[in-house]
Amino acid sequence: MADGGSSQQIKAFSNTTGASVWTYGTAGGMAVNGPNITTNTFEFNTQLANYNVFSNEAFIAFQPDNTFWIADGGNGRVLHFSINGNSLVYIEQIAYVDGSYRSTVDLTDATRVFNTFTEYSVNYALPPGGTNGSWTMAKNWAYGLPNDSTHYYFGYANGFDNVVTLPNGHTYGFLGNTITRTSDLFELSASGPARNTGYAFNNNPRIYADGTLRFSVTTNTALSFYSQPLTGFDAKNNPVWGSPALLATTALAATDPRTWSAYPERTEVTAGGMVVNYDGNQADTGYHLGGIPSGGTAWQWRASPSVNGSPWFPQDGRFDIGDGVQYAGDYHMALGRNIVCGYHGEFWGQGEASQWMNFLDNGLMVGRFGTYGNSGTTGTTDGFCGNAFAPTLVHGPNGKVYLYHNDESNHAGTVRWRI
């Protein structure tokens, strides 16, 4: 029997007397035992994907060889066990991810990859594979989070969208608070549940690999970018930042790239000192990408002009606002002198465009990649993703460049590209 509630254990009983024979699993599941995913810690209380609805359920399925499978939905897996007398022996597991809208990578430790609340440990020395140890489910941060009248972290697009390990060796990540609509900062504690630091921001900030906290402010006529330096840590190991300093600013004309409330833009700065802005809004008919030099007060260049439909996705960096698209672009990322912009393109060509555009920080378009999908797509298409709007661009420990992102549907999971 899979016993949920306060037990979260597998229990066996005698067919003849009804007496308890054995119990397997740590009592209380993840909420009591912390985030580490092990073969004997379960969470039968399962969140319906990206909703604030939970269902206490599981299944047990026996095979003729007396082994059995058990669903551990709260951890996104099905485990296979054999029975040896009154003991269970772990054999293997099948892990899965429901359609997701949040994923990220630790910007200073790319071996830590996140999809919603699940953390994976990635070994870049091995080719991606299901059973070779290249990816390992490590932690589930969904349990033990604050839950009261002003704190709730489940619902549409739940999970981490920015994680960084800072110089004190502690790791921090932002979660969206569905009650206050703020970005709340948590410490991903080494030995326990995620700890609320008490920081709650309403300006959609992002912590970068150098520890700076950056954000942008936009009005109808101006766009400004700010940065707050990391100055140290308090007695609770919470980061402390200095006052905001202006990175760059510019007046906004009607055709300039501006921020879009649906995807509050990241304050990305290239190795060449270019502060970049990306306008993913299909309704805007001007330029969709632009760069301002650090300390500057005007665009140095603008790129990715709008084009109203074409027989195929534009190959030259233009931003398609036609072909039936309703939600076009999402986020941009800078790494070195490169800028990569996401164009998930919902309803483009009656499907998803799922394109990534690569520019240099002088505005030159140098590459494009992705795999189209349409409403007639069946099965799994390599690289196809629905609403892939939670991207992170990082250097792996091997020095190579990787793009990770979420996948809404078709074959949901965490998608990785090597560029």
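Looking only at residues that are buried (at least 19 other Cβ atoms within 10 Å of the Cβ) and of a type in the set (A, V, I, L, M, F, W, C) in region 253-272, which one is farthest from Asn202 (Cα to Cα)?
At the first step, the residues of region 253-272 found to be buried (at least 19 other Cβ atoms within 10 Å of the Cβ) are 257-260, 263, 265-270.
Cutting the leftovers down to of a type in the set (A, V, I, L, M, F, W, C) gives us 260, 269.
On the way: Trp260: 15, Val269: 22 Å.
Checking each candidate, the answer is Val269.
When region 198-215 is examined, which residues are found to be crowded, with 17+ Cβ neighbours inside 10 Å, at pLDDT 95 or above, within 29 Å of Ser149 (Cα to Cα) and of a type outside the set (D, E, K, R)? Steps first, please.
Pass one, region 198-215, residues crowded, with 17+ Cβ neighbours inside 10 Å: 199, 204-208, 211-215.
The next check asks that each one be at pLDDT 95 or above; those that pass are 199, 205-208, 211-215.
Then keep just the ones that are within 29 Å of Ser149 (Cα to Cα); that gives 199, 205-207, 213-215.
Answer for region 198-215, where residues must be crowded, with 17+ Cβ neighbours inside 10 Å, at pLDDT 95 or above, within 29 Å of Ser149 (Cα to Cα) and of a type outside the set (D, E, K, R): Tyr199, Pro205, Ile207, Leu213, Phe215.
Can you tell me which of Arg318, Arg337 is within 17 Å of Gly291 (Cα to Cα), surrounded by fewer than 21 Cβ atoms within 10 Å (Cβ to Cβ) and without any contact (Cβ under 8 Å) to a residue 24 or more places away in the chain? Explain how you work it out, then say what you get.
Values: Arg337 fails: without any contact (Cβ under 8 Å) to a residue 24 or more places away in the chain.
Just one listed residue meets the conditions, Arg318.
Looking only at region 86-103, decide whether some residue is in contact with an Asp or Glu (Cβ under 7 Å, 6 or more places away or on another chain), of a type in the set (D, E, K, R) and assigned to a loop (DSSP other than H, G, I, E, B).
yes
For every residue, the table says whether it meets (1) in contact with a helix residue (DSSP H, G or I) (Cβ under 9 Å, 6 or more places away or on another chain); (2) without any contact (Cβ under 8 Å) to a residue 24 or more places away in the chain; (3) farther than 19 Å from His395 by Cβ; (4) surrounded by fewer than 16 Cβ atoms within 10 Å (Cβ to Cβ).
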| residue | (1), (2), (3), (4) |
| --- | --- |
| Trp69 | no, yes, yes, no |
| Gly74 | yes, no, yes, no |
| Ala95 | yes, no, yes, no |
| Asn115 | no, no, yes, no |
| Asn123 | no, yes, no, yes |
| Leu126 | no, yes, no, yes |
| Gly133 | no, yes, yes, yes |
| Leu145 | no, no, yes, no |
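So, in region 147-194, exactly how many residues are open to solvent by 30 Å² or more (accessible area, probe 1.4 Å), closer than 17 Å to Pro35 by Cα and touching a residue at least 40 places away in the same chain (Cβ under 8 Å)?
3
Check Pro146 against each of (1) touching a strand residue (DSSP E or B) at 6+ places or on another chain (Cβ under 6 Å); (2) more than 18 Å from Asn196 (Cβ to Cβ) and name the one condition it does not meet.
(2)
Would a scan of region 307-326 turn up a residue that is of a type outside the set (Phe, Trp, Tyr), assigned to a loop (DSSP other than H, G, I, E, B) and closer than 21 Å to Asn406 by Cα?
Yes; the residues of region 307-326 include at least one that is of a type outside the set (Phe, Trp, Tyr), assigned to a loop (DSSP other than H, G, I, E, B) and closer than 21 Å to Asn406 by Cα.
What's the number of the condition Val275 fails, among (1) open to solvent by 10 Å² or more (accessible area, probe 1.4 Å); (2) free of Cβ contacts under 8 Å to residues at least 60 places away in the same chain; (3) among the hydrophobic types (A, V, I, L, M, F, W, C)?
(1)
Residues are listed down the side, and each one gets a yes or a no for (1) farther than 18 Å from Met1 by Cβ; (2) surrounded by fewer than 20 Cβ atoms within 10 Å (Cβ to Cβ); (3) among the acidic types (Asp, Glu); (4) under 28 Å from the mean Cα position of the chain (by Cα):
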site	(1), (2), (3), (4)
Ala19	no, yes, no, no
Trp22	no, yes, no, no
Gly29	no, no, no, yes
Thr41	no, no, no, yes
Phe44	no, no, no, yes
Glu57	no, yes, yes, yes
His80	no, yes, no, no
Ile83	no, yes, no, no
Glu92	yes, yes, yes, yes
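Restricting region 350-374 to residues that are charged (D, E, K, R) and surrounded by 22 or more Cβ atoms within 10 Å (Cβ to Cβ), which is modelled with the lowest pLDDT? Quick ask: steps written out before the conclusion?
Step one: filter region 350-374 for residues charged (D, E, K, R), giving 352, 361, 368.
Checking which are surrounded by 22 or more Cβ atoms within 10 Å (Cβ to Cβ) leaves us with 352, 361.
Working: Glu352: 85, Asp361: 97.
The residue in question is Glu352.
Please note which strands (runs of 3 or more DSSP E) are completely contained in region 4-77 and include at least 3 residues that are polar (S, T, N, Q). Spell out how you get there, then give the answer.
Values: elements: 9-13, 20-24, 45-47, 54-56, 60-62, 68-72.
The qualifying strands (runs of 3 or more DSSP E) are 45-47.
Would you pick out the residues in region 400-416 that are open to solvent by 50 Å² or more (accessible area, probe 1.4 Å) and modelled with pLDDT of 95 or more?
Correct list: Lys400 only.
I need the full set of residues from region 340-358 which are free of Cβ contacts under 8 Å to residues at least 60 places away in the same chain and under 20 Å from Thr259 (Cα atoms), in order please. Can you show your working first?
The first filter runs over region 340-358 and keeps only residues free of Cβ contacts under 8 Å to residues at least 60 places away in the same chain, leaving 344-355, 357.
His344, Gly345, Glu346, Gln355, Met357 - these are the residues of region 340-358 that are free of Cβ contacts under 8 Å to residues at least 60 places away in the same chain and under 20 Å from Thr259 (Cα atoms).
The values are calculated or read from the model by the stated rules, or taken from the named source; none is laboratory data. The structure presented is a predicted model; accordingly, all values stated were derived computationally and were not measured. Here Cβ is always computed from backbone atoms with ideal geometry, including for glycine, and neighbour counts include all displayed protein chains. We work out accessible area using only protein heavy atoms, side chains counted, and drop any ligands, DNA or RNA first. Shrake-Rupley method; radii C 1.70, N 1.55, O 1.52, S 1.80 Å.
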